[in-house]
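Trainee: Once you've had a glance at the structure underneath, I'll fire off some questions.
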C-alpha cells in the first residue's frame, strides 16, 4: 500500500514538472519569434533607408543630366530629351555628347524602369503613361511604397517633405535663379536758369555759405581801370598851380 502511494505521488510530480517544462518551451519560442520579427523589421527599415538614400543620389544625377541637356541646347532645338537614351548620347550633335553615364537601376523596385513626366502633361492624369507630346521634364520611381524618410531633405529636394509615396518624389531639372542686372543710380537733375534763349540756358550752381559767389561780386566799371590814380585823402591841402603862385 505504501509503495503504491509513493509511485502515485512520484507520477504526479513528474507530470507537473513536464507541464512546466512544456510551458517554458512555449514562452521561449514566443520570445524568440518576437525578437526575430523585430530584428527583421528593423533590418527591413534600414535596408529601405539605404535604398532611399541611393534613390536621392540617382535622382540628383537625373536632375543634373536634364539641366545639362537644356543648357547645351543649340538654336532651334528642343530643350528636353525625348527619351532617357538621349541623355546617354545627345542626338542634337553630330559627335558623341553625354549628359548621363548610364540608365540607373531603381534601388526600390530593382528594375531599370522609371516614370517620366513630359512637357504639357497634366499631373495625376496621364502622368507616367508617356502620353505627353513634349520632352521629359522629370523622372521618378514607380514604387508606391510609403517612404521611411519624410523630412530633412537636401535643399534641392525640399518639396519631398511629407510625401505619402516614393513615386511622389519627382526629380526635375535644377534651374538656376536669374540674377537681375544692376541698376545705375539716377543722376540728380540740375535746374536750369531761364534765359532769353533756350540755347543759352546755364545751370544754376548754388554758392557755398563760406565764400561769396561770383554772381554777387560787383562787376568792374569800364572807366575805373588800372590807370586811374587813387583818390586823395580828405585832409591833404590842395596843390597850388605854379602860375597862381607867381601871380601873387
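Trainee: Could we say that residue 81 is surrounded by 14 or more Cβ atoms within 10 Å (Cβ to Cβ) and either over 27 Å from the mean Cα position of the chain (by Cα) or in a loop (DSSP other than H, G, I, E, B) (or both) here?
Mentor: yes
Trainee: What about residue 63, is it free of Cβ contacts under 8 Å to residues at least 12 places away in the same chain and under 20 Å from the mean Cα position of the chain (by Cα)?
Mentor: When the stated conditions are applied, residue 63 does not pass them.
Trainee: Consider residue 55 carefully, then state whether it is under 13 Å from residue 171 (Cβ atoms), surrounded by 18 or more Cβ atoms within 10 Å (Cβ to Cβ) and over 18 Å from the mean Cα position of the chain (by Cα). Please lay out each step first, then the result.
Mentor: Details: under 13 Å from residue 171 (Cβ atoms): yes; surrounded by 18 or more Cβ atoms within 10 Å (Cβ to Cβ): yes; over 18 Å from the mean Cα position of the chain (by Cα): yes.
The answer is yes for residue 55.
Trainee: Follow-up. Would you check which residues across region 137-169 are more than 17 Å from residue 107 (Cβ to Cβ) and buried (at least 17 other Cβ atoms within 10 Å of the Cβ) and list them?
Mentor: 137, 138
Trainee: Can you confirm whether region 94-102 contains a residue that is modelled with pLDDT of 90 or more and in a helix (DSSP H, G or I)?
Mentor: No.
The values are calculated or read from the model by the stated rules, or taken from the named source; none is laboratory data. Model, not experiment: these values are computed from the prediction. FYI the Cβ positions are ideal-geometry reconstructions off the backbone, even for glycines, and counts take in every protein chain you see.
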